[in-house]
Each structure stands twice: as structure tokens, then as C-alpha cells.
1. Scanning for something modelled with pLDDT of 80 or more, closer than 15 Å to residue A:9 by Cβ and either in contact with a strand residue (DSSP E or B) (Cβ under 8 Å, 6 or more places away or on another chain) or in a helix (DSSP H, G or I) (or both), does region A:90-108 turn up at least one residue?
2. Could you list, in sequence order, all residues of region B:196-223 that are within 10 Å of chain A (Cβ to nearest Cβ) and at pLDDT 90 or above?
3. Could you list, in sequence order, all residues of region B:1-20 that are more than 35 Å from the chain's Cα centre (by Cα) and either part of a strand (DSSP E or B) or farther than 15 Å from residue B:94 by Cβ (or both)?
4. Considering only residues that are within 11 Å of chain A (Cβ to nearest Cβ) and surrounded by fewer than 18 Cβ atoms within 10 Å (Cβ to Cβ), which ones fall in region B:172-189?
5. Go through A:18, A:43, A:71 for me and flag whichever is surrounded by fewer than 19 Cβ atoms within 10 Å (Cβ to Cβ), part of a helix (DSSP H, G or I), more than 10 Å from chain B (Cβ to nearest Cβ) and at pLDDT 90 or above.
6. From B:231, B:267, B:237, which residue is under 27 Å from the mean Cα position of the chain (by Cα), assigned to a helix (DSSP H, G or I) and closer than 24 Å to residue B:298 by Cα?
7. Quick check: anything in region B:346-363 at pLDDT 80 or above, part of a helix (DSSP H, G or I) and under 27 Å from residue A:16 (Cβ atoms)?
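The values are calculated or read from the model by the stated rules, or taken from the named source; none is laboratory data. Bear in mind that the values here come from a model prediction, so they are computed numbers and not experimental data. Cβ atoms come from the backbone with ideal geometry, glycine included; neighbour counts cover every protein chain shown.
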């Protein structure tokens, strides 16, 4: 990887998911910072400028993920956000297939459903964080 | 008082007035049904007008004259019987030609009861009372069935979610092992295998708890009431949590100054202790203590006290409900099925007793189970 190491913020209340993200993103050469919820993420963001964020949609507050994504998009420069969700098969909400125009209001750059396959994640990150 | 709407379809004005008089100040109390019921009378002079009113706003009871100008009462019944979705009111036919034949035709077309003209106000009220009772019971039954479906669906949704979360975690680790980028790293390998085993353990516990709960609730768990010494059961349960307790430096002690003989189902007592003790260790602080106290007698008292994170009064109030896990900063990373304490509560009830908890945040919790030394043979588990 050329240039400075890029930093990815991972926000999820599931310990195992954070662990998995860290393992694979660190193996891919990124610097990873994790937070276990919206509150912790806000505190982290006070002195961190991540290059990208991976956020779980449903944490302790149902819309915690969206609120956080909204904040990240308001920053200058806006932080690319990958939203992860486990809700698709439970609620029938199919975010993944929503057209880009439809997901625009959600202020996220990509939506992936759990479990996330490593190559899928790498592809999205490569798209959002070009060298 | 609740008011039921009665629509009277009758062409004779004098008859409508008489019926209105008989019902307008009539109030009804029924055995087995809560509340007091009164009636609001609406009038229609023909079957056509009656149908229009029913379609605009369905009443609770229809009093329908047999012989009407234009469409007859029986014809209207026929139309109502075809309605989709089925009508939710009951119809009483009123007729001056009270023949068996008429009654049969009307009943076939969905009339609930039959009132022969001329009738006294008392006869009218008696039929209306019977019809109201049937109506309310039918509605209540339907509501309960609906509620039961709802509860079952909610429970199922929660179970599905609770099983999917660990599955997703395990799947995620398998992807890591499969991926060439991470799969060859021994540190990733160890982490993936260790955590997957922990999550599988959690799933197994959930399934076991669900089975216990279902068996206890359905009453199909065969109970074998045998004489047993409760201190022995307690000792065995303590032994099974000992490895985890030792790992975290938690001392588990048993105080049973005198023998605690019981006649009970051994498996039930084991499940009871296992759940209480696993919790006491799981929610304890490192280096804490768990104290088990047994007191014998006609009523047996089991106390399990920990020095753990404790709970607020609001949290303890919700504690014994199914799938309630107290979620806060301190419990976030502690795995659990959310069923253990509702199993404990069900077992306490089954054994003629109750479970209570005293707790203060940061200090610890004491769970107390008080049950009959001689377990009741068959006790109705409370319907839920």
C-alpha cells in the first residue's frame, strides 16, 4: 500500500463482529479503531479523523447507526460510511437491493448484510478509498 | 358502562317504539363477563334501509322482522350470510309466524335466535341478554386467540434473532479462516476457533433452556418425585461452576448447617441450582464471592448471594420475564439466553413456591427461592 496508512473506524455492539473486522482489515494493511456503540464512537471521533467508517445499523438504539452516519457525513471532509445490517431477513427490509437513489437519504455509501464476506468488504473499501 | 348498538329492522312504527322503550333503559350484568352493558337503539323501516345502515356502520345486534315490505327479513339474512369478511354481529329474527319451518330457514341463514310476536318486554330482554352473552364470549375468544398468535409470533421472532446472532458470528469467523489473507495467520486461527466455540456454547444453552421451559410449561416433563438431600444437589451444581469461578478468582461457599431433606424432582432442582449459580458467577466481579445458604423445614429456603454488578429496582422488576436481559454497559459482553431466570421462576411455582431477588447496583444480588419440602404432585402451571 502506498502512502500513509489509512484508518477505519468500526462501530458495532457485537464483540465478535468488531474482532472479525479488526482481524481482516488489519491483515489488509489498514489501521483499525473500534467502538462498541454510538456513544463510544462519538467520544472516539473527538480526536480521530477516520478515512472510512463501518457501522452496524442496529445497536442499542434502533437508529443509532443512522444518527452516527449522519454525523460522519456532516464532517469536513465527509467520511465514507459502510452500513452493516442484520435486519434484512428478519424485517423483510431489503436495504442491500435498494437503488443508490433510494439509499441516498440514508447518507451511507454502501450497505452490506451480516455476515459480511471478506472479499465483499475489501471490494467496497477499495471503491470508497481509492489509492 | 359499555353501550352495544342494536339495529332494529321493522316496518311497524309502533313496534319499533315498543322495542326501543323496552331496551333503552335496560342495563345488563352477565356472569363471567366483566362490566355493565346498555343498549343504543337504531331503527330502520325496511330491509333495504337496514342493509344500508349495516354497510355504513355494522351494529352489535340486529333485531330483524320477518315480514317486511320489499325485501323480506329472510332475504336480508341471506345477503348478510354471504358477506365477506363474515359479519361480526348477531341477528335475532322477530316474526308473527313462529313456525318451526321459519325458524329452521332463518337459523340456516345465520340467525342466532328467534323471537315470536307478540312478545313481552321481558321476553325481549331475555333474548337480548342471551344474545349479548354469546356475542361477548365469541369476541373475547377471538381476541384471546389473536393475542396468543401474537405472543407466539413475538417469542418466535426473539428466538430467531437470538439464534441468528451467534450463527452470524461463527459464519464470520469461518469466512476469515477461508480467506487466504487471514486464514493462514495462527493468531486469527486461534481466535476464530475459540470464539466460535464460545458462541456455539451460548446457542446450546439457549436451546437447552428453551426445551426446559417448553417442557415445564406444557406439563409434559415427567416429574419423578423422590426423597433427596438438597445439599447434595447444591454441592454438585457448585462443582460444575467451579472451573469458571476459579478462573476468575471467585470463591463459592455452601452453608447448610443441617440436612435439607426434600421430596422433589432431582432434575428440576439441578436446573434450579445451575441457573442461579451460573448467573451468580457470570455477573460477579473477579475475586468476588458466591454464598449459597440452605435452610430446611416444611418450607425449604435456598439463598444464592453474589458480590456482582447488582441491579436497580427498575431492572429487578423486569428480571423474571422471558428473554429479558438487563442490557447496560456492564452486561454487554456477558453471554446469556435471557431464559434462565424465567425457568427458575417456573420451577419455583411448580414446587409450590416463589423466587425473589434483592439487589443493589455495584454491591450484588441475592436470589431467594422458597419452595415446599414435599413438592406438590401436580400443580397447574399458571397460564401465560
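1. No: region A:90-108 contains no residue that is modelled with pLDDT of 80 or more, closer than 15 Å to residue A:9 by Cβ and either in contact with a strand residue (DSSP E or B) (Cβ under 8 Å, 6 or more places away or on another chain) or in a helix (DSSP H, G or I) (or both).
2. The one that is within 10 Å of chain A (Cβ to nearest Cβ) and at pLDDT 90 or above: B:196.
3. B:7, B:8, B:9
4. B:174, B:177, B:178, B:180, B:181, B:183, B:184, B:185, B:187, B:189
5. The unique qualifying residue is A:43.
6. Residue meeting the stated conditions: B:267.
7. no
Here's the yes/no breakdown for (1) in contact with a strand residue (DSSP E or B) (Cβ under 9 Å, 6 or more places away or on another chain); (2) surrounded by fewer than 15 Cβ atoms within 10 Å (Cβ to Cβ); (3) free of Cβ contacts under 8 Å to residues at least 40 places away in the same chain; (4) farther than 21 Å from residue B:113 by Cβ:
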site	(1), (2), (3), (4)
B:27	yes, yes, yes, no
B:36	yes, yes, yes, yes
B:46	yes, no, yes, yes
B:77	yes, no, yes, no
